[in-house]
Amino acid sequence: MGNYHFGCGHSATPVVYMKPVSDASDEKSSEVYRSPYCPDGRLVDSMGDGIRNCHDLFLHGLEVAKDSPCLGTLKDGKYAWRTYGEVYQVALEVGSGLLNMDAVPMREFPEEVYQQQFRFLGLYSKNREEWAIAEQACNAFSFTIVPLYDTLGPETVQYVCDQTRLRTVITQVENVPSLIKAAPNCPELKIIVAMDEPTDEMKADAQKAGVTLTTWQELIRVGKGQLQPTNPPKADSVNTICYTSGTTGLPKGVIVTHRQFVSTSAAALLQLETVGGVTFGPEDVYLSYLPFAHIFERIMFNALLFCGGQLGFYRGDTHKLMEDVQLLKPTLFASVPRLYSRIFDKIQAKISSSGAVGKVLFSTAMNAKLANLRNNGVVKHAMWDSIIFNKINRLLGGRVRVMVTGSAPISPQVHEFLKCAFSAPICEGYGMTETCAASTLSHPGDTTVGHIGGCFPCIEAKLVSQPEMDYTINDKLPDGTKCPRGELCLRGPSVFPGYFRQPDKTSETIDGEGWLHTGDIAQILPNGAIRIVDRKKNIFKLAQGEYVSPEKVENVYSQCGLIAQSFVHGSSTQTYCVGIIHPDHDEAKKWAKANNKPEALSSLCSDAEFIKAVEEQMAEVAKKNGLSGIEKVKKFRLSPEAFTVDNDLVTPTYKLKRHQAHKHFKAQIDEMYGEK
């Protein structure tokens with residue numbers, strides 16, 4: 001890496017993210033905080049102008065955009081577009097077709113506390129036009145969406161179909177065999193609508209299983225034959241039962257209402273416009289590739305639809321995502337830290353191969369932009385952008401003006417670097433499926449990094465002390481400034497009403513006052529910004545009675561260049577932590593080349609010198625970040641196997657599944673604890 005001066009930055013005029021609005025309700029709770037941008041101090045729960053459900057959101061976009069492009073699909077190397085009017089017409093035909101086929105019968109669930117009657121529709125595919133149109137059909141006719149992950153195993157697909165008593169699933173053709181296979185164990189599943197033409201073998205298998213296999217085009221034909229009157233939902237109607245991937249066991253069905261979608265979209269757009277002067281309209285373009293089955297992408301999509309924006313789909317292959325970006329040329333780009341880190345690494349690799357003069361030139365340019373960013377909050381530089389950074393900007397198509405990151409913390413170093421490299425603000429957000437994805441967001445003009453901003457105007461926050469973890473609402477900074485720490489709790493119109501048919505799980509998460517307990521340990525900084533510092537649910541106790549947060553330790557070790565992924569484990573019967581480390585392939589190859597070693601990870605993971613190099617980096621970052629003796633990993637094993645969705649070690653949002661990881665690496669863990 002070049003000699004860039006990264007850090008958490010400072011701001012001459014700190015942004016105020018939240019202010020206390022009421023006193024603590026008990027001695028363990030902090031004050032209640034809200035955004036200063038809440039209109040008249042109230043939490044936002046609608047768009048105003050009668051917009052109270054997702055059907056209203058789309059109709060507003062239709063009015064704004066008229067015959068402008070709405071949905072784009074990559075065909076023959078370029079994007080082909082459907083207009084807003086075309087999309088709405090097909091959505092009405094799809095919804096009518098489903099009603100005409102009796103594909104979405106009314107189901108009764110008397111034991112469900114929140115809502116007892118549903119018309120469920122399963123959607124099971126990668127992001128594509130048909131998914132988005134089917135969603136608009138559901139919004140127009142008050143159907144409730146049940147998204148299925150395209151990476152789900154058969155056991156979970158069966159579980160979701162059973163719990164919702166799904167009759168119909170609209171799916172990409174690749175998933176048809178797995179649905180047919182699940183059908184005998186899902187007696188209510190009777191109709192599969194394939195987005196593409198199924199094979200003769202699929203048709204025969206469906207017939208044997210007693211399932212009607214039809215196509216998207218046939219569904220539209222049936223709808224055109226007899227269009228039905230729309231029946232838009234109420235604000236508190238259930239939009240989606242979103243099954244969280246979960247790090248243990250079967251997923252829970254999160255009830256997501258139309259009010260949650262509308263309040264979150266309204267609050268996000270209000271905050272971006274009020275604070276950063278950022279607005280969106282029909283000229284804005286967005287690339288949709290983050291899974292529709294996750295609520296984060298659905299919020300991005302619905303907010304852009306409200307603004308009349310253009311939404312293009314990736315081709316379905318993440319390996320060619322950057323090609324799709326360059327073809328579409330988005331103005332708004334949303335991603336997760338994992339991809340931003342890959343972009344960062346790609347830029348770094350190019351700089352490293354540019355020669356001594358190129359490195360010095362880039363380092364000078366980057367440091368000039370960093371100084372500009374920290375002193376003035378400005379991400380553009382007239383001279384250096386024209387010489388260097390406009391070329392980098394073309395990696396994302398050259399038109400990006402706002403970037404968003406969420407799902408996990410982004411490295412402050414990567415955050416600042418990419419802000420400067422792409423001459424665009426990167427707003428870091430935080431949320432859960434239970435809060436309709438977005439709860440907080442950093443401001444576009446903020447010069448600081450390393451935090452998640454403050455609450456949206458649709459939600460309020462408080463902290464609850466966790467003394468067993470040494471986090472309390474009375475904590476202070478070294479200079480004596482109040483800086484409370486504790487479990488982050490959220491409440492407001494964007495918080496979910498409960499888990500579908502699981503009241504016991506709901507009561508474990510939402511308390512009697514309506515506070516959602518996130519399980520995340522947060523710190524509220526003096527300007528009201530929130531910093532996530534730990535995780536409550538994943539702590540374990542060592543034999544000496546001390547608690548350790550493995551996520552905190554893993555986040556520290558992620559700063560090692562040679563480490564891509566880590567799994568830290570401990571037990572109440574043991575006195576120290578152990579770890580499984582998956583090396584960073586690119587950095588490992590560089591080390592191998594410099595040390596005349598074979599480049600294969602399988603070889604390096606058993607190489608004593610490479611193991612020593614990893615150990616030294618771990619010791620260095622542990623010291624730098626102040627890890628205590630009990631937090632440091634005493635023994636570790638290197639694994640050439642990455643933690644992936646396919647091997648069931650991470651969720652589709654790349655959260656580590658600790659229970660699965662422990663089972664998977666049990667032999668190595670037992671071996672480490674057995675060593676003298």
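Points worth noting:
Per-residue answers, yes or no, for (1) in contact (Cβ under 8 Å) with a residue 12 or more places away in the chain; (2) under 20 Å from the mean Cα position of the chain (by Cα); (3) crowded, with 23+ Cβ neighbours inside 10 Å:
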{"site": "Thr435", "(1), (2), (3)": "yes, yes, yes"}
{"site": "Ala438", "(1), (2), (3)": "yes, yes, yes"}
{"site": "Gly450", "(1), (2), (3)": "yes, yes, no"}
{"site": "Met469", "(1), (2), (3)": "yes, no, no"}
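- Scope region 223-244; condition buried (at least 21 other Cβ atoms within 10 Å of the Cβ) and small (Gly, Ala, Ser); matching residues: Gly223
- His517 satisfies every condition listed in (1) in contact with an Asp or Glu (Cβ under 7 Å, 6 or more places away or on another chain); (2) farther than 23 Å from Tyr17 by Cβ except (2).
- Residue match in region 384-399 (condition: under 28 Å from His517 (Cα atoms) and modelled with pLDDT of 95 or more): no
- Meets criteria (more than 30 Å from Ile51 (Cβ to Cβ) and in contact with a helix residue (DSSP H, G or I) (Cβ under 9 Å, 6 or more places away or on another chain)) for Val378: yes
- Matching residues in region 127-154 - criterion: being in contact with a helix residue (DSSP H, G or I) (Cβ under 9 Å, 6 or more places away or on another chain) and of a type in the set (D, E, K, R): Glu129, Glu130, Glu135, Asp150
- Looking only at residues in region 638-659 that are buried (at least 18 other Cβ atoms within 10 Å of the Cβ) and among the basic types (Lys, Arg), the one that is farthest from Pro251 (Cα to Cα) is Arg658.
- Leu123 in contact (Cβ under 8 Å) with a residue 24 or more places away in the chain, under 18 Å from Gln228 (Cα atoms) and outside any loop (DSSP other than H, G, I, E, B): no
- Cβ pairs under 7 Å, 6+ apart, first in region 374-386 and within 15 Å of Glu416 (Cα to Cα), second loosely packed, with under 13 Cβ neighbours inside 10 Å and among the small types (Gly, Ala, Ser): Asn375/Ala12
- Scoring Leu361 on the criteria (1) touching a Gly at 6+ places or on another chain (Cβ under 9 Å); (2) farther than 14 Å from Ala424 by Cα; (3) of a type in the set (A, V, I, L, M) leaves a single failure, condition (1).
- Filtered residues of region 328-342 (kept if under 14 Å from Tyr79 (Cβ atoms) and surrounded by fewer than 17 Cβ atoms within 10 Å (Cβ to Cβ)): Lys329
- Among the residues of region 271-317, those identified as of a type in the set (Asp, Glu) and touching a residue at least 24 places away in the same chain (Cβ under 8 Å) are Glu283, Asp284, Glu297.
- Count of residues meeting criterion [among the acidic types (Asp, Glu), over 29 Å from Glu551 (Cβ atoms) and in contact with a Ser or Thr (Cβ under 7 Å, 6 or more places away or on another chain)] in region 247-297: 2
- Evaluated against (1) assigned to a loop (DSSP other than H, G, I, E, B); (2) touching a Lys or Arg at 6+ places or on another chain (Cβ under 8 Å), Thr240 falls short on exactly one condition, (1).
- Hits in region 471-501 - residues which are modelled with pLDDT of 95 or more, surrounded by fewer than 24 Cβ atoms within 10 Å (Cβ to Cβ) and small (Gly, Ala, Ser): Gly498
- Output for region 473-488, where each listed residue is within 25 Å of Glu434 (Cβ to Cβ) and either without any contact (Cβ under 8 Å) to a residue 40 or more places away in the chain or β-branched (Val, Ile, Thr) (or both): Ile473
- Residue in region 290-301 that is crowded, with 17+ Cβ neighbours inside 10 Å and charged (D, E, K, R) present: yes
- Any hit, region 308-315, residues being more than 20 Å from the chain's Cα centre (by Cα), crowded, with 17+ Cβ neighbours inside 10 Å and on the phi > 0 side of the Ramachandran plot: yes
- Answer from Lys634, Lys597 - the residue that is in contact (Cβ under 8 Å) with a residue 40 or more places away in the chain and either not in a helix (DSSP H, G or I) or not basic (Lys, Arg) (or both): Lys634
- Gly514 vs. criteria free of Cβ contacts under 8 Å to residues at least 60 places away in the same chain and over 23 Å from Glu468 (Cα atoms): yes
- For region 243-263, the set of residues classified as among the charged types (D, E, K, R) and in a helix (DSSP H, G or I) consists of Arg259 only.
- Listed by first and then second residue, the pairs linking a residue in region 199-214 that is over 19 Å from Arg167 (Cβ atoms) and not assigned by TED's automatic domain parsing to the domain that holds Leu98 to a residue that is at pLDDT 95 or above and part of a strand (DSSP E or B), with Cβ atoms under 8 Å apart and 6 or more places separating them unless they lie on different chains, form an empty list.
- Only one of the numbered conditions (1) crowded, with 20+ Cβ neighbours inside 10 Å; (2) within 19 Å of the chain's Cα centre (by Cα) is violated by Met618, and that is (2).
The values are calculated or read from the model by the stated rules, or taken from the named source; none is laboratory data. From a predicted model like this one, the values you see are computed outputs, not experimental measurements. Quick reminder, even Gly has a Cβ in these numbers, built from the backbone with ideal geometry, and neighbours come from all protein chains shown.
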